[in-house]
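Report on the following structure.
The values are calculated or read from the model by the stated rules, or taken from the named source; none is laboratory data. In this text, all values refer to a predicted model and were calculated from it rather than measured experimentally. Counting neighbours? That spans all protein chains shown, and the Cβs are built from the backbone with ideal geometry, glycine included. These area figures cover heavy atoms from the full protein model, side chains too; ligands, DNA and RNA do not enter into them. Shrake-Rupley method; radii C 1.70, N 1.55, O 1.52, S 1.80 Å.
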Amino acid sequence: MDETNKAVSPAPGASSIDSDPKAPPSRILTWPVTAWALWDWGSAAFNAVITTFVFTVYITSDAFGPGAESTLGWVLAGAGVLIALFAPITGQSADRAGRRTLWLTVNTLLVVIASAGLFFVQPAPEYLWLGLLLLAGGNIAFEFASVNYNAMLNEISTASTVGRVSGLGWGLGYIGGIVLLLMVYFGLINPDVGVFGITGENGMDVRVTMLLCAVWTLLFSIPVILTIRDKPKTGAARAPRPGLIESYRLLFRTIADLWRADRNTVFFLIASAVFRDGLAGVFTFGGVIAAGVFGFSAGQVIIFGVVANVVAGVATIAFGALDDLLGPKRVILLSLTSMIIAGTLIFFFHSGGTRVFWILGLILCIFVGPAQSASRTFLARLIPAGREGEVFGLYATTGRAVSFMAPAAFSTAIVVGVAVTGLSRDEAQYWGILGIILVLLVGLLLLIRVRPREHHDTALDQPPVTS
């Protein structure tokens, strides 16, 4: 049997990240760790500015016609289906060929191109679909890039540092969002006449912001691309590249093999797939709810985004230490429970004005990043040595296989709200938060049965990259 037909065969209790639990903590701020974390900093352009606080608010404004927010939800749900269909190829081919950095580079460039393309989306109904398709395409490329980026975590960390390294990356992502949002707000959005004489006429302030996002993403992706070198496999070590059907056959074989050897990993993949989609829904629709439900102006949404990123960045870095100390499961359970409570309060106090969203929205922001970072480290502690790309590809596949859940739940909850209250879709928009809460709750219930391990034989047994 050749390498193409081999499935993951982890021994029970074996994973890619173990080390002596009595070993002293390793140094965190090496250059490879910093270069790797800067990609998260650069990704803030897409996550914070485009997906959360600026472009989704712009594309769902009145200029694009009624019902744009629910259309956004369905388009992003469709993008999630495409990611689920093609993610197996991403993880498996990069792992087998040893071309992790190459595919990180290719997909990051596609994100840059999609971001720059949003410049051409003018504020008129006929440009709605151009904007939505570019946004969906950027989401697809970003997820494929993230497969290879996450798989690099075990190359640069150890079992005693993985929580802090992962938290540093997520935290820098939030702080990068702060810096970029401040630049956008004071340089383009807030002034009547911004830098280089740019104004809000014809949406030019937002459109130029998209160009800035493209440059930002490209600039801060360069360090990891130049630092973490590929080790291409050749000859017998390099397996033939599988096609789509073969990739799915290997995917199902991997799941079956994991089920036989370590059902705990399978349970976590299922649970994390659900709650990660709920977390993504918070990011995607947070700005939309702030503007559409609580009456935030575009400028106020950005100011909220700046403060939210400060809170989230500090919390994520701090919770990284708790991850290493207490374990990722406790961090995730605490985070999801707190977010469900805060989201429920947002629904019931939706008429309370901007002050309500400032308080409860910031509580949500405290816990989103720690849950995401701890989810990444939970899996890193389970991955069999040498299977990082493959299993993180499976992580992406299972996650995106259900990535329609939060957008669909958001849009469906609005439809239910219209039926229950008799309000218009725009007026019943606050019901969308119930859809996001439901997804988070299901993920929480599934996670409860997952048992964390006390010790593993993982890829983190290997020395981290130091140069």
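Determine whether the range 358-373 contains at least one residue that is touching a helix residue (DSSP H, G or I) at 6+ places or on another chain (Cβ under 8 Å), over 20 Å from ASN47 (Cβ atoms), surrounded by fewer than 24 Cβ atoms within 10 Å (Cβ to Cβ) and in contact (Cβ under 8 Å) with a residue 60 or more places away in the chain. Show your work before the answer.
Taking the range 358-373 first, the residues touching a helix residue (DSSP H, G or I) at 6+ places or on another chain (Cβ under 8 Å) are 358, 360-373.
This time we only want the ones that are over 20 Å from ASN47 (Cβ atoms), so: 358, 360.
Still in the running and surrounded by fewer than 24 Cβ atoms within 10 Å (Cβ to Cβ): 358, 360.
Narrowing the set further to residues that are in contact (Cβ under 8 Å) with a residue 60 or more places away in the chain leaves none.
No, the range 358-373 contains no residue that is touching a helix residue (DSSP H, G or I) at 6+ places or on another chain (Cβ under 8 Å), over 20 Å from ASN47 (Cβ atoms), surrounded by fewer than 24 Cβ atoms within 10 Å (Cβ to Cβ) and in contact (Cβ under 8 Å) with a residue 60 or more places away in the chain.
Sort out for me the helices (runs of 4 or more DSSP H) sitting completely within the range 385-450 that have 2 or more residues that are buried (at least 19 other Cβ atoms within 10 Å of the Cβ) and more than 23 Å from the chain's Cα centre (by Cα). Give the derivation first.
Details: elements: 388-401, 405-421, 432-448.
The qualifying helices (runs of 4 or more DSSP H) are 405-421.
Among residues of the range 194-213 that are on the phi > 0 side of the Ramachandran plot, those with a beta-carbon under 7 Å from a residue that is polar (S, T, N, Q) and part of a loop (DSSP other than H, G, I, E, B) at least six positions away or on a different chain give the pairs ASN202/GLN122; GLY203/GLN122.
Criterion first (surrounded by fewer than 17 Cβ atoms within 10 Å (Cβ to Cβ) and assigned to a helix (DSSP H, G or I)) does VAL288 satisfy it? Lay out the reasoning, then the answer.
Numbers: surrounded by fewer than 17 Cβ atoms within 10 Å (Cβ to Cβ): no; assigned to a helix (DSSP H, G or I): yes.
In short, no.
For the range 269-319, the set of residues classified as within 19 Å of the chain's Cα centre (by Cα) and among the polar types (S, T, N, Q) consists of SER272, THR284, ASN309, THR316, listed by residue number.
Entry remark, the range 55-98: residues being at pLDDT 85 or above, open to solvent by less than 10 Å² (accessible area, probe 1.4 Å) and not polar (S, T, N, Q) number 6 in total.
In the range 187-235, which residue that is outside any helix (DSSP H, G or I) and open to solvent by 50 Å² or more (accessible area, probe 1.4 Å) is farthest from PHE119 (Cα to Cα)? First the steps, then the outcome.
Of the range 187-235, the ones outside any helix (DSSP H, G or I) are 190-194, 198-200, 228-234.
Next cut, open to solvent by 50 Å² or more (accessible area, probe 1.4 Å) only: 190, 192-193, 229, 231-234.
Working: ASN190: 18, ASP192: 19, VAL193: 18, ARG229: 33, LYS231: 37, PRO232: 37, LYS233: 40, THR234: 42 Å.
Among them, the one singled out is THR234.
When GLY281 is tested against (1) crowded, with 24+ Cβ neighbours inside 10 Å; (2) at pLDDT 90 or above, just one condition goes unmet, and that condition is (2). Applying the set (1) within 19 Å of the chain's Cα centre (by Cα); (2) modelled with pLDDT under 90 to SER373 leaves exactly one unmet item: (2).
Taking first residues from the range 174-188 that are free of Cβ contacts under 8 Å to residues at least 60 places away in the same chain and partners that are open to solvent by less than 20 Å² (accessible area, probe 1.4 Å) and not in a helix (DSSP H, G or I), the Cβ contacts under 8 Å between residues at least 6 apart in sequence or on separate chains come to GLY187/GLY194; LEU188/GLY194.
When the residues of the range 333-351 are filtered to those that are open to solvent by 30 Å² or more (accessible area, probe 1.4 Å), in contact (Cβ under 8 Å) with a residue 40 or more places away in the chain and not aliphatic (A, V, I, L, M), the one that is nearest to PHE304 (Cα to Cα) is HIS350.
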